[in-house]
Every structure is written in structure tokens, then in C-alpha cells.
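Take a look at the structure below.
The values are calculated or read from the model by the stated rules, or taken from the named source; none is laboratory data. These figures come from a predicted structure and were not determined experimentally. Here the Cβ is made from the backbone with ideal geometry for all residues, glycine too, and neighbour counts use every protein chain on show. The area values use the complete protein model at the heavy-atom level, side chains included, leaving out ligands, DNA and RNA. Shrake-Rupley method; radii C 1.70, N 1.55, O 1.52, S 1.80 Å.
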Amino acid sequence: MPTPALAAALADIDTVFNGFASPAETGCPLCYAPEDAAWLRTPYTTVPPGLLRRFVHDGPGHFEDHDAVLRRLLPQCAHAMADGTLEDVGWAPHGLSRADWRSWPAEQAAAVEAFVLAWWQDVLTTPEPPYPVTDVFETCASILRATTPLLDGWDAQPVADVHLVDCAQTWLYDLITDHWPFTWWQPEDEAGAVGELRAWLARNAPDRLRAQGKEDLAIRARLVGLPYEERWNDPYWARPSATG
């Protein structure tokens with residue numbers, strides 16, 4: 001069951017985007033048959049799951065009006081993201097990451113942002129979410145075009161701290177060398193985003209990782225907050241286990 005906040009956000013998506021369609025949409029003729037694109041012109045119908053995946057992850061070049069397509073799909077798409085039935089989350093850019101949704105009417109933009117944040121919070125409190133937490137983080141960050149709202153809401157809680165271990169294991173290998181840790185999301189200010197993530201981990205993660213029995217990860221989380229030269233001159237690297 002979704003958290004109350006996620007349930008409310010989904011209900012808001014259902015209300016705000018109820019009955020939307022993209023009346024003139026034909027889609028890319030090389031990628032979609034006429035009967036495929038017809039779904040986008042028809043409101044109040046459930047798109048087949050495989051086609052929903054393609055519509056959601058395809059970029060603007062596949063549609064005459066990419067934003068209109070996403071507004072048409074949002075109720076079904078948001079529920080599929082929440083229940084884990086939308087394929088390829090974390091493996092391809094989400095359509096919302098390539099839409100100018102913040103320029104939509106205020107009620108629509110607010111509904112999208114509230115859903116993304118509520119979905120992230122729901123995942124943080126779910127012991128075994130349907131998608132890897134690292135994939136959800138990248139998807140949410142790419143849609144919001146920022147990591148700050150996600151990091152600000154990552155409070156120290158038992159389940160959230162278990163997920164922090166998984167993320168630290170994935171991210172720290174790259175962050176300790178100042179490399180970008182994500183697969184397909186490339187923010188406009190990559191260096192700034194790397195610095196923000198490094199600073200948050202250095203400030204918030206060591207004690208939480210140590211409490212999970214992850215002493216080595218805790219040390220590396222501390223190290224990523226140091227200037228580059230200090231990081232690599234730290235006595236930690238002289239330990240036999242440091243390179244293991």
C-alpha cells in the first residue's frame with residue numbers, strides 16, 4: 001500500500017490530468033503504427049503496458065507535442081511508477097525529464113512535483129521497493145533536475161538508512177574520484193551536482209553507515225567531503241583493507 005502522501009499525490013494526478021489527450025498526435029511513423037498513436041488521441045482509455053513504456057521513455061523527437069503526450073499518459077504512468085509496473089525505470093530517461101513541465105499551468109506543475117517527491121518518500125520507507133533505490137533516485141532527480149529536494153527529505157530512519165547503504169555502495173566509487181555516479185541523467189551543472197552529493201554524503205552518511213556496520217563505507221563517505229588532495233593523502237589509504 002502506498003503511503004498516505006503518495007496516495008494523495010496519485011489522486012491529485014488523477015484529478016488534474018483527467019481526460020487529457022493529444023488530439024493531433026500521430027507519433028513517429030517509423031516507430032509507431034497508426035493504431036499505436038491513436039491511443040494518445042483518445043482519453044479515458046488504458047494504454048497497453050508495453051506501449052506505455054515506449055511512450056513514456058521516448059523523447060520529444062518521437063512526437064509532435066511531447067508535453068501533451070505526457071499529460072495524456074500521466075495518470076496511468078504515475079500509478080505504474082508507484083506500483084512498479086512501468087518497465088525500464090532507471091534504464092532510460094523518463095519522458096518527464098525531457099518535458100518542460102514546470103511551464104505547465106501551476107496546478108499541473110505542482111501535481112507533478114508533489115507526486116515525484118511523494119514517490120521518493122514512499123520508496124525510502126519500503127523495505128523492498130519494486131525498483132532499485134538508486135534507479136528511483138536518478139529518475140526523480142532527472143525529472144526535478146535537482147538532487148536537493150530528494151536529499152533534504154532523506155531523513156535518518158531504519159529503512160531509509162538501509163537504502164543509504166545501497167546507494168553509497170553504488171555512488172562512492174565514482175564520487176571519490178569526482179566522477180558522475182549516474183547512468184543517463186546529465187544535469188546542466190554536473191560539477192555542481194557532484195559537489196552537492198559529495199557534501200551531503202560527507203555530512204549525513206558516515207554515522208548512519210557506521211550504525212549499519214559499514215565502517216569502510218562510512219570512512220569513504222567522510223573522505224568525499226575533503227578537497228581532492230587531502231582525500232587521497234588521508235591515512236585511510238595506507239590500511240591493507242582500503243583497496244579491497
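Residues Thr15, Thr3: which one is modelled with pLDDT under 95 and within 19 Å of Ala110 (Cβ to Cβ)? Can you show your working first?
Values: Thr15 fails: modelled with pLDDT under 95.
Checking each option against the conditions leaves just Thr3.
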Of all residues making up the stretch 129-147, the number that are among the aliphatic types (A, V, I, L, M) and out of contact with any His (no Cβ under 8 Å at 6 or more places or on another chain): 4
Selection count, the stretch 204-244, where residues are assigned to a helix (DSSP H, G or I), open to solvent by 60 Å² or more (accessible area, probe 1.4 Å) and closer than 13 Å to Leu164 by Cα: 3
Scan of the stretch 42-98 for residues that are of a type in the set (S, T, N, Q) and either open to solvent by 60 Å² or more (accessible area, probe 1.4 Å) or touching a residue at least 12 places away in the same chain (Cβ under 8 Å) (or both), ordered by number: Thr42, Thr46, Gln76, Thr85, Ser97
Helices (runs of 4 or more DSSP H) wholly inside the stretch 111-193 containing at least 2 residues that are at pLDDT 95 or above and open to solvent by 30 Å² or more (accessible area, probe 1.4 Å): 148-152, 158-175
